[in-house]
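For reference, the structure discussed in these notes is given below.
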Amino acid sequence: PISGLLEQPLVSFEEALASVDLQTKQHHMDAAKYTMFGDGLLTDDEARAVFMYTCEWTPRQFSLYFLVNLVLRDSDRSKAIPFVPYIKLLCTALGKLLRPTSGILWRGVAVDLEKVYQAKLGKTIVCWGFTSTTYKMSALDQFIPENSPCRTLFSITASLAADLGPYSAYPGEGELLIPAGTVFEVVNVKRFSSSLIIVELKAVANLLGLPV
């Protein structure tokens, strides 16, 4: 779904979102424009693209990050066309933000995925969307409470990830993003209780040519 993405021309923040239909889009774009990003690592357009990715709509299914990942995972490439300029800008920013990781990265879902990943044990999978992770397991509780009927946690080993903190609408979440198109090896799958499964993944390649 994302082949040839990096060959697309780089455009401004406003142009990148011009063809994307989002409720209250202008409100979040204005917030991005008037937020100060002081480290100079990214251009203003790149910083705003990252900020916009971290913004939360209500309901969350209307959020830009949700829609971007939805179209990236869809086999119908035409659905991604309106988002391509934005995805290109975001990937350019992430390429500058990638830094060596200092430990295991975590993400989680409130679904029992033991059988799904047991079938893929020892194999590789491609995550066409962006992979949101954190060093802090406690940060997962706001998305999948401990009293959830079942939780699948992903223990991810990746040499590099992009720390979104300085550019995030929610810097306290400690979000680290692994770029779209990353290939993971399924290293281990273990059930720790009736309600907890941990899947170990290792990033081994990226189909956009970004380092992992």
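The values are calculated or read from the model by the stated rules, or taken from the named source; none is laboratory data. Bear in mind the structure is a predicted one, so any value in this text is a computation, not a measurement. Cβ sites come from the backbone with ideal geometry, for glycine too, and all protein chains shown count toward neighbours.
Things worth noting here:
- Checking residue 183 against (1) in a strand (DSSP E or B); (2) closer than 23 Å to residue 71 by Cα; (3) among the hydrophobic types (A, V, I, L, M, F, W, C); (4) touching a helix residue (DSSP H, G or I) at 6+ places or on another chain (Cβ under 9 Å), the condition it does not meet: (4)
- Some residue of the stretch 21-29 being free of Cβ contacts under 8 Å to residues at least 24 places away in the same chain, of a type outside the set (Lys, Arg), surrounded by fewer than 17 Cβ atoms within 10 Å (Cβ to Cβ) and within 27 Å of residue 140 (Cα to Cα): no
- First in the stretch 54-81 and farther than 23 Å from residue 7 by Cβ, second anywhere and surrounded by 14 or more Cβ atoms within 10 Å (Cβ to Cβ) and of a type in the set (D, E, K, R), Cβ under 6 Å, 6 or more apart: 63/56
- Single unsatisfied condition, residue 141 versus (1) outside any helix (DSSP H, G or I); (2) more than 23 Å from residue 67 (Cβ to Cβ); (3) out of contact with any helix residue (DSSP H, G or I) (no Cβ under 6 Å at 6 or more places or on another chain); (4) not basic (Lys, Arg): (1)
- Screening residue 166 with (1) within 16 Å of residue 115 (Cα to Cα); (2) surrounded by 15 or more Cβ atoms within 10 Å (Cβ to Cβ) gives one miss only, at (1).
- Take the conditions (1) in contact with a strand residue (DSSP E or B) (Cβ under 9 Å, 6 or more places away or on another chain); (2) of a type in the set (A, V, I, L, M); (3) closer than 30 Å to residue 39 by Cα; residue 169 misses just one of them, which is (1).
- Among residues of the stretch 85-111 that are without any contact (Cβ under 8 Å) to a residue 40 or more places away in the chain and within 30 Å of residue 147 (Cα to Cα), those with a beta-carbon under 9 Å from a residue that is of a type outside the set (Val, Ile, Thr) and assigned to a loop (DSSP other than H, G, I, E, B) at least six positions away or on a different chain give the pairs 102/135; 103/135.
- Residues that are out of contact with any helix residue (DSSP H, G or I) (no Cβ under 8 Å at 6 or more places or on another chain) and under 21 Å from residue 88 (Cβ atoms) were ranked within the stretch 186-212; the one that is surrounded by the fewest Cβ atoms within 10 Å (Cβ to Cβ) is 211.
- Which listed residue is closer than 24 Å to residue 211 by Cα, in a helix (DSSP H, G or I) and not assigned by TED's automatic domain parsing to the domain that holds residue 183, from 41, 67, 89: 89
- Residue count for the stretch 112-126 under the criterion of being surrounded by 14 or more Cβ atoms within 10 Å (Cβ to Cβ) and assigned to a loop (DSSP other than H, G, I, E, B): the result is 3.
- Being more than 21 Å from residue 171 (Cα to Cα), out of contact with any Asp or Glu (no Cβ under 9 Å at 6 or more places or on another chain), among the aliphatic types (A, V, I, L, M) and at pLDDT below 90 is a description that does not apply to residue 17.
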